[in-house]
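The values are calculated or read from the model by the stated rules, or taken from the named source; none is laboratory data. What you see is a predicted model, and the numbers here were worked out from it, not measured in a lab. FYI the Cβ positions are ideal-geometry reconstructions off the backbone, even for glycines, and counts take in every protein chain you see. Remember, those area values only see protein heavy atoms, side chains included, never the ligands or the DNA or RNA. Shrake-Rupley method; radii C 1.70, N 1.55, O 1.52, S 1.80 Å.
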Amino acid sequence: MTRAHQGDQGSEEPTRQETEGEANLSDGGQVCPICNGAGYLIKDLPVGHPDFGKLYPCKCTLDKMAFRKSERLHEMSNLGPLQDMVFENFEIDGLAGTTQPQRRILRQVKMTARHFAQEPQGWLLFTGSFGSGKTHLAAAIANYRLKIGQPALFVVVPDLLDHLRATFSPHSTVTYDRRFEEVRTHPLLILDDLGAQSSTPWAEEKLFQILNHRYNAELPTVITTNLTPDQFAPRIRSRLSDFRLVDTWPIPAPDHRGGKGEQDINPLDSLDQHRNQTFETFNPYGGPGNQLSPSEQHNLQEAFDTARQFASRSSEVWLVLQGTNGVGKTHLAAAIANEYKANQERAESTQKPLFVVVPDLLDHLRATFDPRSEISYDKLFDLVRKAPMLVLDDLGTESATNWAQEKLFQILNYRYTNRERTVITTSREISQLDPPIRTRMYDTSVCVIKVIQAKPFYQRPDHIADMSSAPSGGRFRNR
């Protein structure tokens, strides 16, 4: 038998101090009928018993403590909008675009993930393309652990590195050592999108330190990646390839987010707005009414020839067009993209160029963090990073935040490393660009830089009718 915490006079009623404190409420907002709001009970034991007079929390207090623990766990888990990703709504049967063998594998993967959630041991590695369900299963594991009152930390790898870098700021409220230790030693760590981070030596070192510690200590870890283990750096690859500890599950399912394919969602591409900007409509002489000197006309002709040569030679990887606004950089970049598009259509290829203005790119990437976004951040980022032909217009006009610089570097470093064809326009001097990007542009084995030294020459409407007399018949405003 238990009774409410008694006062000094032996009364079974709570003391004034207790009743004036925070009264515990049962469901419905009523004072708890068990402890009368005291929150604690005393067992009815004889004097001399070791537990005589000892306070025990009432059920209402235990419920409140459990609720607060759950809140803290969810806050620490970093799941955010992924809290709705659970095993119950991970669809398999009837999933559009999947074959029967794929659905069978998905059922096996889901069963494996559920067993891991119930008793986390070793490492679980999910590999597959974007939208195949890796993140959903990883988040479902975390949500299950939180539901039963156990901790789980879910982090997207590029975001993790951003958070670690942020601790070096004098305004950071947490030290680097504390943040790093929280991740490295967490009871259950879930790393989403390993391999999507920028492959700087610092980033590789931090990830190796985290994974190596967890590998040696055999701490439960879940990893998702769109890469295969053999695509990682040797030190990380050796850990991921240890079949004694790591259970690897390739997920062959196609992208099923919203039932749309990658080619169906691309809010970034603005090439259609430049469909009339071709090599045929570009006037290397600046057009009537534009007072370009002979040297400026010669320089503009060189830029035109360089762009046309780049468009016709697949062996040339990067082209950077630099010059002030209004000298034809965007027109030439769009002409390259339009010629690439026409060539792909003639070859009946599904590959498409991507033309994007850099500030718009960053705005679209930020917008994907909105829960209402129709496309995820990782998919949109990958569409840009892996575009068969990418035109980045107006590099250097974006907001120069650390986040923006990091995202641009991740995109350009990937394309530099993998020798992906890329056209960049900028009005800034190359020497003024962010050093990691600048150094890649200076690699002459990859990049051609053409500086346009002409004055701005905007085509005026009253001269359009006279353009037939211009050497190249250009009719559109250059920029």
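Please enumerate the residues belonging to the range 108-127 that are under 17 Å from Ala217 (Cβ atoms) and outside any strand (DSSP E or B).
Passing the criteria: Pro120, Gln121, Gly122.
If I filter the range 144-155 for residues that are open to solvent by 50 Å² or more (accessible area, probe 1.4 Å), within 20 Å of Leu227 (Cβ to Cβ) and not acidic (Asp, Glu), do I get at least one hit?
No, every residue in the range 144-155 fails to be open to solvent by 50 Å² or more (accessible area, probe 1.4 Å), within 20 Å of Leu227 (Cβ to Cβ) and not acidic (Asp, Glu).
Check every one of the helices (runs of 4 or more DSSP H) wholly within the range 366-459 and list those with 2 or more residues that are farther than 28 Å from Asn299 by Cβ and open to solvent by less than 30 Å² (accessible area, probe 1.4 Å).
It comes to 377-385, 402-417.
Yes/no per residue for (1) within 35 Å of the chain's Cα centre (by Cα); (2) part of a loop (DSSP other than H, G, I, E, B):
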| site | (1), (2) |
| --- | --- |
| Gln291 | no, yes |
| Ser295 | no, no |
| His298 | no, no |
| Ala311 | yes, no |
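Which numbered condition trips up Glu280, out of (1) part of a loop (DSSP other than H, G, I, E, B); (2) modelled with pLDDT of 85 or more; (3) open to solvent by less than 30 Å² (accessible area, probe 1.4 Å)?
Just one mismatch for Glu280, condition (3).
If you check Gly7, Gly48, Gly37, which single one turns out to be open to solvent by less than 60 Å² (accessible area, probe 1.4 Å), modelled with pLDDT of 60 or more and assigned to a loop (DSSP other than H, G, I, E, B)?
So the residue among Gly7, Gly48, Gly37 that is open to solvent by less than 60 Å² (accessible area, probe 1.4 Å), modelled with pLDDT of 60 or more and assigned to a loop (DSSP other than H, G, I, E, B) is Gly37.
Working carefully through the options Leu207, Leu227, Leu211, find the one that is within 22 Å of Glu406 (Cα to Cα), open to solvent by less than 40 Å² (accessible area, probe 1.4 Å) and at pLDDT 85 or above. It would help to see each step written out before you state the result.
On the way: Leu227 fails: at pLDDT 85 or above; Leu211 fails: within 22 Å of Glu406 (Cα to Cα).
Testing whether each residue is within 22 Å of Glu406 (Cα to Cα), open to solvent by less than 40 Å² (accessible area, probe 1.4 Å) and at pLDDT 85 or above leaves just Leu207.
Quick one: is Leu227 in contact with a helix residue (DSSP H, G or I) (Cβ under 8 Å, 6 or more places away or on another chain), more than 25 Å from Thr167 (Cα to Cα) and aliphatic (A, V, I, L, M)? Explain how you work it out, then say what you get.
Working: in contact with a helix residue (DSSP H, G or I) (Cβ under 8 Å, 6 or more places away or on another chain): no; more than 25 Å from Thr167 (Cα to Cα): yes; aliphatic (A, V, I, L, M): yes.
The answer is no for Leu227.
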